[in-house]
1. Would you mind finding the one in Leu998, Leu964, Leu1028, Leu1009 that is touching a Phe, Trp or Tyr at 6+ places or on another chain (Cβ under 8 Å), within 28 Å of Glu935 (Cα to Cα), touching a residue at least 12 places away in the same chain (Cβ under 8 Å) and of a type outside the set (Val, Ile, Thr)?
2. Which of the strands (runs of 3 or more DSSP E) contained wholly in segment 1041-1152 include at least 1 residues that are farther than 20 Å from Val1184 by Cβ and of a type in the set (A, V, I, L, M, F, W, C)?
3. Take Lys158 and decide whether it is open to solvent by 10 Å² or more (accessible area, probe 1.4 Å), touching a strand residue (DSSP E or B) at 6+ places or on another chain (Cβ under 9 Å) and touching a residue at least 60 places away in the same chain (Cβ under 8 Å).
4. Right, Thr709: crowded, with 18+ Cβ neighbours inside 10 Å and assigned to a loop (DSSP other than H, G, I, E, B) or not?
5. Among what's in segment 336-347 and is over 22 Å from Lys297 (Cβ atoms) and open to solvent by 30 Å² or more (accessible area, probe 1.4 Å), pick the residue that is farthest from the chain's Cα centre (by Cα).
6. Got at least one residue in segment 974-983 being within 20 Å of Arg1173 (Cα to Cα), surrounded by 18 or more Cβ atoms within 10 Å (Cβ to Cβ), of a type in the set (A, V, I, L, M) and in contact with a Lys or Arg (Cβ under 6 Å, 6 or more places away or on another chain)?
Amino acid sequence: MALEEGARSCLMRFRHRLEEDIKPQYLMDHMISDDVMSGDEEGRIMSQDQAAALLELLLRKDNRAYISFYNALVKELYYDLANMLHDDLPQISPNALKSSSDGCTPYVQTVLSEGGVPQRPVVFVSRLELLNQVREKLYRLKSEPGWVTVFGMAGSGKSVLAAEAVRHQGCFPGGVHWLSIGQLDKPDLLVKIQSLCFRLEQNLDSQSLHRPPNSLDEVKERLRFLMLRRYPRLSLLILDDIWDSTVLKAFDIHCRILLTTRNRSLTDSVSGAKYEVEVESGLDENKGMEILALYTKTELTGLPEEARSIVRECKGSPLVVSLIGALLKEKPDRWRYYLRQLQQKQFKRIRKSSSYDYDALDQAMAASIEVLPDEHRELYKDLTVLEKDIKIPAKVLSVLWDLEPEEVEDILEEFVNKSLLFVDGHNKPCLYYLHDLQLDFLVEQNRTQLEVSSKSSWQHYRDGPPISGDEECLYWIRFLTFHMAKANLSQELYSLLFSLDWVSIKAQIMGPAHLINDYVEYGPILDKEVRSQFQEFLSLNGHHLEQRPFPDVVQLALSQPLASEVYRQALMQAQDRARTGKLYFDWLNKSSVESLSRLVIHPHQGSIYSACFSHDGAKIATCGASKTLKVFKSTTGEKLTEIQAHDDEVLCCAFSPDDRLLATCSSDRKVKVWNVERAMLLRVFAEEHEEQVNHCQFTNTRRRLLLATCSNDKFMNVWNLNRPSSQNTMFGHFEPVNHCCFSPDDTYLSTSSNDGTVKLFQVSSANEWKTINVSGVFAESDEAVLVKCSTWTADGKRIICAARNAVLLWDLEANKKMADCSGHLSWVQRVQFSPDGSQLLSCSDDQTVRLWETNKVHTTSAVCLKRDSDVLFGDEEITVSAADNCNRLQVRDGRTGSVLFQSEEMSSRIRCTCLCRQPSAVALGQEDGTTQVLEVPSGRLLATLLGHTKTVLHCQFSQNGQTLITSSEDTTIRVWRWQFGEGKVLQGHKEQVRCFSLLSDSAADTRLLSWSFDGTVKVWDTESGEKLQDIEAHRGAILSCHVSPEGCFFATTSADKTAKLWHCESWQCVHTLRGHQDCVRSCRFSWDGRRLATGDDNGEIRLWSVKDGSLLKICSRDGKDGMDSLHGGWVTDLHFSPDNSLLVSTGGYIKWWDVERGEALQTFHPTGSALKRIHVSADFSTFVTIDSSGILYVLQRVV
C-alpha cells in the first residue's frame, strides 16, 4: 500500500525541521522492530547523511512506515515533531477486510501501531497454548478492570506473547496502548507516563491539550482522567518489562492492564482483579528448530546436527535461539562456532542482533540478579554449587546457607517470584531448580567462589551423610561426591568413594549405576588400582544390589580377590560384626576362580532375548519378555531410555551404523525402526514374515543401509528402509532361524538355526556359501542343539555362537571350535562383540546381561566341575571329589582349590562319586552302569564293579570303608565288598533309585532305607539282602528322605506336595505335613530330633514339630529375591547346626536362617545357580558346594 498523499505532503512540508532535530539511529531501532525497515536499509542510511536518507526512504515507504516513524518519535520524546505529523496519520476503515501477513486486518494493525504495540518479529513461531491462556485472561477484563500478569525468566518471550495476544483484538474498541518500562528511576518514569499521556491526547481535539504534568501524582491523575473519561470505551494498557512494585502503583488507576515481568508478585501491591499466566522458560525442540530454519531460510530437514544441539544446550530459550538465529542469518557457516560458545558459556559472544533491550545474553541475566537485595544476591550466587537439571528441597539450601528452613522457603519464594528460580509444586516438600542458562551464567560469574561454596556444603556432612530417606537425604546421597569434587576435596572424596559403608548406603538408596558413574567420572583424581577394584565389584554385583530385600554388601565383598581393598574392608567389618553374633562367610578357594564378566545388568523382569552395543560403544540396548526396549550406558548400566515397543515379547534390537536408529522385532511378527534420541517410531514392516520374527540386524557400513530379519518361518529377509517390501529373501534352513548377522564388510550374512547349524549366505546373490555344524560339538548329548545366535570378529575370520548355556568361538578357515566360556545360569540368547572387539556382550534367560573380556574368553576356559560331589572334612583339611567338564574325576584341596588327583578322561559319563577316608580311595559311578574305585592320590585302579545295566545314580562307602553301596537307574541297589568284587543285589523298586540311607551309623545295624520315583520306601538288610519292609509312601515320586539322628523316625517328601513322618519301629505314618504349594524337594531333621525342615520347588522352607506335626515357621515368606522362586530356585538341601539354632539351605543361592524366628540371617550369591547339595562340617563352620557353572565354593564362617 503506497503512502497516502496527505502523509507524503506532511513529510515534505516538515522535512527540513525533521532533518535538523532527529537522531535516526534510535528511531530506526523501533522501525526495525516494527518490521517496516530492514537491516540492509539501516546499513545504507548509516553510511550517508542519516537524517536526510531516512526521510528519503520514508517517502518511498507505505502507511505502516509513516505510523511506525510517528510512534518512534513519541517513544524517543520528540513530542513537538510527533505533534506536527499527527493530523496526517493515515486513516484506515474499521471495515477493511484484507488481512496482513500476521493475520491482522489493516484497521487493527493501524490501531495497534498507533498504540505503540510492536510488530510481530520477522521470525515468529506460534505458542498457541500460552497465547490462548493470555487471551482467556484478557477476556475476563471485559467485565471489570484488573490486571493480567505475564511472567517468566529473562528471554522467555513474554513481550512477543503479550503483543501477539492483542493482535486479533476485538475486546478493546477503545484501543490498546503499549508502554515499555524497564528499570527506571522516578524522573524517567515521569517522562514515560508523560509520553503516554501525550499520545492519548493526540487523538482528542486540540482544545483539550494541557501542559505536561510535572509530578508522578499529577501525571497519575492525568492518566486516570484520560483512561476513564476521555476513553470511556474499553481500552487496554500494556506495561512491558515491569521490575518494581512502586512503578506499578503509578498505574493503579482502576483500568485494564496487561503487564510483562520477571516478578510474579508485583501485583500484590495494587488493587483490582488479578490474573496470571506463567511463560515457560523454553520452546519445545521442534519450535526451536523452526526458528533456526526460518532465520537461515533452510528446510527443517536440511538443518545440520548442530541445530538440535543448540536448542538442547539452551533448553529452547526463545531469546538465545533467536539471537543465534539472527547471527547465523549473517554468518550461515558458523553453526559449530555458536554451539561451542554456548557450551563454553561464552555469553558475551552471543551479542545483540535485534531490538532486544540488552546488548548480550549475560547482561539480560545480570539485570534480574541486580534488583535483589544485597544479602539475597549473595545467597543467590551460592546456587552456583548446584548440578544441572537437578531439583533440590529447601532443606538442602538450609544447610548451605545456615538458615532456618522457614526463612529459606521465604527467600526461595522471592527468587521464584522474580523468575530467578523454578519450583516443582507437585512434590511435597516443594523442589527447586535453576534453568541451565541461569546456572551457566552463575558459574561463569562466580568461578572464584565455587570452591568455597562447595566446601561449605560439604562441611555439614563431613561426619557422615544423612540416611533418613527423605528428599534431603536423597539429594546428598546422590550429589555429595559432586560437591566434594567441585570443592577440590580430593582426600575426602577418596575416603568416601573407597568406603564400603558408603557403597552400601548409596547402592541401597540410588542403585549401583550412580555409584559406578562416580568411579568413572572422578577416575582421574582417584587411585587407579583401588578405583578399578571398587568399580569391578559394583559392575559384577550390580544385579544383586538392585534386588530387594537389599543384600549384605559386606558378604558380597568377601567374594572379591584377596588383594582387593574391597575384600580387606569387608573382612575387617565381618570380623567386627562376628563378635556380636552376625554371620559372615569367607570364600576360601576363590583365588582359583577367575571372573570373565566385566559388568552384569538386570534390566527387565523376565527373560532377556537381546542385548547389543551401539557402534560408538557408549550404549547398550536390551529387550525381552517385558515387551519393552531399554537403552543403558555401557560404562555404568545407567538407564537412558525406555520404550513400550511391541504388543508381544520383543525378541531382538539392533543399532544402525550411525547409532541414530534402533530396529526391533517381535513375536507379533512386526519389525519396527525407532529414532533413538527421541524414542519415536519411524517405520513398521508387518506384512512378509508369517511367524514370529526372531532377529533383526543392520548392515555395518553406512554406504548402503539394509536391515536383515529372520523368522520361525525358516526364511531370512533383507529390507531397504525406503521400500515397503523386502528386497531379497534367503532360504536353506530346515528349522526356525533364530539369528542373522552381517559380516564386517557386509559381504556375507550368517544365520543360526534350530537345525544345529550356522549358515553363511552371500548378500548380493542370496546364495549359500558355507555351513558350520555346531551340533557336532555336543555329540555326547542326545538332546537337540539349538544354535541361538552367531556374530563375527572384527577381522571376519572367526564367528562366535551361542548354543545352550555356552558361548563358542569358531575359526572359519580351520572350521573348528577354538574356545568356550560359561557363566550364565540358563540358555544364552544373544552374543555380540564391542566395536573394538575387546569385549563380548551376552544375555540369557537367567535375566542377566554379561560383559566379557574377549582376550580371556579366547584362551581355553577354566576347567569346571559337575555338581555331583563328595567332601571329607579333616582337622585342617577339606577334600573334594567331583567330575569335571572333560569327564575326568578330580580330587581337590578345598582350601586352595588345587588338584590333588585327576583321572584320565573316562569313556562313559561320570554321574556320581564318593570318598573313603580309610583306605584313602574315591569311587565313581558311570552312565554305562560301571563303578570304579581309585586310590588317592596315586589314581591307581583298585576295583571295577560291573553289574548295573543303567546309569549309577548314587554311591556311598560304609563307615569302615569295606562296603560300597550303589543305586541305579536300573531300579536296583547293589551292596559291594568292593575289594573282592563281590556284591548283593537289592531288587524290588519299579523305577530308578536316586538315593538311599543307612538307618544308623552303627556297624551293628545293617538296615538300609531306599526310596524311588515309584512312590515307595523299602527297608533292606544289607547282610542278607532281604527286604524287611515295603511301604507305599506317596502317590507321587519320592524326592528325598532323611532319618532322624536318634534313629526313631524318618521323613519322606514327594512331588505330591506333601511330606510325611514315619516311625522306624512300627513303620507307620505318624504325620502327613500339608501346606507346600509345589513339589517338596528336600527335608532334614534337627540334631535334637524335635524339628523337621522341608523345602519346595518354589523356594519355600517350612519348619515342623516332630512331636505333633504342627507348622512352626515358614521361611522366605517375605517376598521374592529377584528370580521367579523365593530362593532363586528349588530348595535342594537343608542342614541344621549342632545346637539347632541355625539352618542352612541351598537353591539358587545359599541362605542361613534363624530357626526360632524363621528369618534369613545371611545370603551367599554364587556366580552360577541351581546348587544341588551342600556339604557341612560337623561344627557348622565350613560349607562346600558346586554351582551350575562348575565353580567350587568352600565357605568358612568368619570369626
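1. Leu964
2. Correct list: 1049-1054, 1059-1063, 1069-1073, 1080-1085, 1091-1096, 1101-1105, 1111-1115.
3. Spelling it out, Lys158 is indeed open to solvent by 10 Å² or more (accessible area, probe 1.4 Å), touching a strand residue (DSSP E or B) at 6+ places or on another chain (Cβ under 9 Å) and touching a residue at least 60 places away in the same chain (Cβ under 8 Å).
4. Criteria not met by Thr709.
5. Gln346
6. No: segment 974-983 contains no residue that is within 20 Å of Arg1173 (Cα to Cα), surrounded by 18 or more Cβ atoms within 10 Å (Cβ to Cβ), of a type in the set (A, V, I, L, M) and in contact with a Lys or Arg (Cβ under 6 Å, 6 or more places away or on another chain).
Results for (1) modelled with pLDDT of 95 or more; (2) closer than 19 Å to Pro549 by Cβ, shown as yes or no for each residue.
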residue	(1), (2)
Ser1086	yes, no
Gly1099	no, yes
Trp1104	yes, no
Leu1126	no, yes
Asn1140	yes, no
Val1144	yes, yes
Gly1168	no, no
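For every residue, the table says whether it meets (1) touching a Ser or Thr at 6+ places or on another chain (Cβ under 6 Å); (2) over 30 Å from Pro213 (Cβ atoms).
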position: Asp34; (1), (2): yes, no
position: Gly39; (1), (2): no, yes
position: Arg44; (1), (2): no, yes
position: Gln48; (1), (2): no, yes
position: Lys61; (1), (2): no, yes
position: Ala65; (1), (2): no, yes
position: Tyr78; (1), (2): no, no
position: Asp87; (1), (2): no, no
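The values are calculated or read from the model by the stated rules, or taken from the named source; none is laboratory data. Computed from a prediction, not measured in an experiment: that's the story for all the values here. When we count neighbours, we look across all protein chains shown, and the Cβ atoms used for this are built from the backbone with ideal geometry, even at glycine. Each accessible area value is taken on the protein alone, full model and side chains, heavy atoms only, with ligands, DNA and RNA left out. Shrake-Rupley method; radii C 1.70, N 1.55, O 1.52, S 1.80 Å.
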